[in-house]
Structure formats: structure tokens, C-alpha cells
Amino acid sequence: MQPRFVHLQSLTESTIFQSDAAAPSCISGGSGKKSRRSDYPRQFPGPYIDKQVRRRRRGPDHIKENHMSGIKDKVVIITGASSGIGEATARILAAHGARVVLGARRTERLETLAGLIRTAGGIAEYQALDVTQRGQLEDIVALAKSRFGRVDVIVNNAGVMPLSTLEQLKVDEWERMVDVNIKGVLYGIAAALPVMQAQGNGQIINVASVGGHRVVPSAAVYCATKFAVRAISDGLRQEVDNIRVTVISPGVTESELADSITDPAAKLGMQAYRKIAISAEAVARTILFAIEQPADVDLSEIVVRPTASAN
Ligand SMILES: NC(=O)c1ccc[n+]([C@@H]2O[C@H](COP(=O)([O-])OP(=O)(O)OC[C@H]3O[C@@H](n4cnc5c(N)ncnc54)[C@H](OP(=O)(O)O)[C@@H]3O)[C@@H](O)[C@H]2O)c1
């Protein structure tokens with residue numbers, strides 16, 4: 001692995017400095033002079049250098065300031081908006097002036113929610129969305145673009161949690177968690193990122209979990225999907241320097257999430273665990289807070305859990 005790694009590093013450096021007249025003179029590929037690159041942490045060569053160098057070259061003003069400040073008028077796509085955290089997020093963001101675009105499979109719920117938001121004076125659109133279908137993420141981004149002209153934020157929130165021990169071999173449920181919790185987030189990124197890059201700004205908020213920080217029995221696959229969400233988000237955060245990337249990791253929260261558990265033992269355990277659950281609004285307020293920050297401030301990760309929770 002080591003020679004390949006070194007090759008990648010040198011590729012990255014030559015790409016960066018090929019057309020950079022201001023490149024430090026100590027970086028003189030092939031001249032025999034010692035490269036300053038050796039001072040950088042060897043385990044994270046490419047992205048680290050990329051982002052640092054871009055920042056140095058472009059300065060802090062490279063983020064095209066959105067004409068809107070805070071939350072007002074921002075166009076926010078929310079996946080999994082038909083219940084729980086997604087629904088609460090839609091309500092609170094709309095109440096603070098965001099234009100929300102709601103997606104989920106249960107469209108009758110979205111219709112009701114959008115109606116309530118509009119009655120309260122807010123702005124909401126909705127569309128059927130199955131996040132396991134990449135094209136449907138592209139469609140909802142297209143809806144936001146056609147209706148409002150831009151996409152400021154996507155909240156990749158849709159998720160499922162059918163817990164069980166691995167020895168039960170509920171392979172279909174493992175696949176569903178991977179498809180919704182990981183691939184759904186990736187498809188959301190794939191659909192929104194090009195639009196945000198063209199705009200010169202944007203924010204991608206991915207909902208992970210405390211299960212993305214610590215594994216517990218019966219939650220191996222669920223936790224793996226949430227570890228993956230954190231890894232994907234951190235990689236993206238390092239690669240882009242004009243788009244904010246935020247991970248929200250809730251602890252136990254009131255919602256319908258545990259309804260997808262088919263294993264009786266895991267369901268029982270979850271009932272006890274959920275007694276201290278915080279409201280979905282508590283997590284929604286955290287998402288609002290992350291969006292409200294100025295364009296050059298990225299709340300990259302927030303854990304929000306019940307005060308009484310040890311995990
Ligand atoms: N509640 C907690 O204790 C807790 C803790 C940590 C993290 N989380 C995370 O928070 C997020 C929201 O969950 P929640 O707690 O609010 O649970 P929830 O009430 O069950 O909401 C889940 C949402 O995801 C949607 N969804 C599921 N499969 C989908 C699919 N294939 N395509 C599109 N949407 C889909 C559901 O809508 P439809 O069924 O209508 O499609 C629903 O709106 C999840 O990512 C979850 O892992 C929750």
C-alpha cells in the first residue's frame with residue numbers, strides 16, 4: 001500500500017501546483033530540494049493539502065455569500081419529512097422563514113404537513129421520495145430548483161432502524177438499512193452537490209446518530225450505517241471548501257423509528273431505552289441552529305441527546 005500512497009500524494013501535489021505561479025519555491029518537483037510536503041501528516045496527504053492550499057490561495061472571501069442571512073428564505077430539502085425529526089424540522093424551519101421542500105414515501109402525510117405550514121403562513125412544497133432511488137433525489141432537487149431557483153440546504157434525514165442481533169441473519173433488513181441510511185445519504189449528496197457547487201455555496205446536513213459513535217448489541221448494522229454517514233460527511237467536509245457539511249447525531253428521540261423493529265427482544269429493549277427520549281423538536285432546533293450560522297462557520301458535528309442518557 002505504501003508506494004501507491006506516495007504516488008497519490010505526488011499526483012495531488014503536482015496537480016495543485018502545476019498552474020500556480022505563487023507556489024512556494026521550496027516545492028520544485030524533481031529539483032532534488034527537500035519538499036515542505038514532508039511536514040504534513042503523512043496519513044492524510046491529499047485532502048489535507050488540497051483544502052489548506054486552496055484556502056491559502058483564495059483567502060476567506062471565496063465563499064460566495066448567499067444574499068440571505070440566517071434561515072429566512074433559504075431553500076431547504078428535507079428527506080424523511082413525513083414523521084419524527086424530519087417533520088419537526090420542516091415545521092420549525094418553515095416557521096422561521098425557510099422555504100421547505102419535503103420528501104418521503106407517505107405523501108398523504110406530506111400533503112397534510114405542507115398544508116399546515118402554508119396555513120401558518122409558511123412556504124412548502126412536497127414530492128414523493130424513496131431515497132433508495134437515485135433518480136428520485138435528482139427529481140426533488142429539480143423541484144426545488146424549478147420552484148425556488150436554488151438549493152441552500154439538504155437535510156439527509158430519512159432512516160430506518162430494524163434492530164436485531166447478527167446471528168438472526170435478517171439480511172433483508174441489513175440491506176434496507178444500507179440502502180436507506182447510507183445509499184440514501186449518498187444519493188442526496190450526489191443530487192444536491194453539483195447545484196450547490198454551481199451556486200458557490202450550500203449546506204449538506206446528514207442525520208447520523210449516537211449509534212454512529214458507539215456500537216451496542218443488536219445494533220451492529222444500524223451503527224455501521226451511521227458510522228458510514230459520519231465518515232462520508234467528514235470526507236466531504238474536507239474535500240469542499242465553500243459548502244458547509246454538518247452531521248447531526250441524535251440520541252434517543254421521540255419518533256416512529258422503533259416501529260421498524262421486527263425482533264421482539266430488540267423491540268422490548270428499545271421500549272425501555274426510549275423512556276427518556278427527547279422531543280423531535282429538540283433535534284429540529286439543533287438543525288435550525290446549524291443552518292443559522294454564517295456561511296464561513298461550519299458546525300461540522302453536533303451530538304444532541306437526553307440529559308439523562310449515558311450513551
Ligand atoms: N429517533 C431516534 O431516537 C433517533 C436517534 C438517532 C438518529 N435518528 C435518525 O433520525 C432520522 C429520522 O428518524 P426519526 O427518528 O425521525 O424516525 P421516523 O419517525 O421513523 O422517521 C423516518 C423518516 O424516514 C422516512 N423514510 C424511511 N425510509 C425511506 C425511504 N426509503 N425513502 C424516503 N424516506 C424514507 C420515513 O418516511 P416514509 O416512511 O413516509 O418514507 C420517515 O419520514 C433517521 O436517520 C434516524 O436514523 C433517530
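The values are calculated or read from the model by the stated rules, or taken from the named source; none is laboratory data. In this text, all values refer to a predicted model and were calculated from it rather than measured experimentally. For neighbour counting, all protein chains shown are included, and Cβ atoms are generated from backbone atoms with ideal geometry for every residue, glycine included.
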Is there a residue in segment 82-95 that is assigned to a helix (DSSP H, G or I) and among the hydroxyl-bearing types (Ser, Thr, Tyr)? yes
Within segment 141-150, is there a residue that is out of contact with any His (no Cβ under 6 Å at 6 or more places or on another chain), within 15 Å of THR225 (Cα to Cα) and either among the β-branched types (Val, Ile, Thr) or assigned by TED's automatic domain parsing to the domain that holds GLY211 (or both)? no
Of those in segment 163-215 that are part of a loop (DSSP other than H, G, I, E, B) and out of contact with any helix residue (DSSP H, G or I) (no Cβ under 7 Å at 6 or more places or on another chain), the residue surrounded by the most Cβ atoms within 10 Å (Cβ to Cβ) is LYS170
Within segment 291-311, can you find the residues that are farther than 15 Å from ALA277 by Cβ, among the charged types (D, E, K, R) and part of a loop (DSSP other than H, G, I, E, B)? ASP296, ASP298
Quick one: what pairs do we get from segment 151-170, first residue within 15 Å of ASN206 (Cβ to Cβ) and in the same structural domain as ARG99 (by TED's automatic domain parsing), second among the aliphatic types (A, V, I, L, M) and assigned to a loop (DSSP other than H, G, I, E, B), C-beta under 6 Å, 6+ apart or different chains? ALA158/VAL131
Set ARG106, ARG91: member being within 16 Å of the ligand (Cβ to nearest atom), modelled with pLDDT of 95 or more and over 20 Å from the mean Cα position of the chain (by Cα): ARG106
Only one of (1) hydroxyl-bearing (Ser, Thr, Tyr); (2) assigned to a strand (DSSP E or B); (3) without any contact (Cβ under 8 Å) to a residue 24 or more places away in the chain is not met by SER146, so which one is it? (2)
In the list ARG237, ARG230, which residue meets the criterion of being within 27 Å of GLU167 (Cβ to Cβ), assigned to a helix (DSSP H, G or I) and of a type outside the set (Gly, Ala, Ser)? ARG230
Looking at segment 101-114, can you tell me whether even one residue there is surrounded by fewer than 20 Cβ atoms within 10 Å (Cβ to Cβ) and more than 25 Å from GLU138 (Cβ to Cβ)? yes
Cβ-Cβ under 6 Å, sequence separation 6+ or interchain: first residue in segment 268-284 and surrounded by fewer than 18 Cβ atoms within 10 Å (Cβ to Cβ), partner modelled with pLDDT of 90 or more. Which pairs? TYR273/VAL252; ARG274/VAL252; ILE276/PRO306; ILE276/ALA308; SER279/GLU254; GLU281/ALA88
Looking at (1) buried (at least 18 other Cβ atoms within 10 Å of the Cβ); (2) away from the ligand (no atom under 15 Å from the Cβ); (3) not polar (S, T, N, Q), which is the one condition that is false for ALA231? (1)
Need pairs with beta-carbon distance below 9 Å; first residue modelled with pLDDT of 95 or more and within segment 285-311, second aromatic (Phe, Trp, Tyr) and in a loop (DSSP other than H, G, I, E, B); sequence gap 6+ or separate chains. none
Please tell me if THR307 is surrounded by 16 or more Cβ atoms within 10 Å (Cβ to Cβ) and polar (S, T, N, Q). no
Would you call VAL221 within 15 Å of the ligand (Cβ to nearest atom), part of a helix (DSSP H, G or I) and crowded, with 18+ Cβ neighbours inside 10 Å? yes
Going residue by residue through segment 244-266, is there one that turns out to be over 24 Å from VAL215 (Cα atoms) and buried (at least 19 other Cβ atoms within 10 Å of the Cβ)? yes
If we keep only residues of segment 236-279 that are within 13 Å of the ligand (Cβ to nearest atom) and of a type in the set (S, T, N, Q), then the residue farthest from GLN168 (Cα to Cα) is SER279
Could you list all residues from segment 122-151 that are among the hydroxyl-bearing types (Ser, Thr, Tyr) and within 12 Å of the ligand (Cβ to nearest atom)? TYR126, THR132
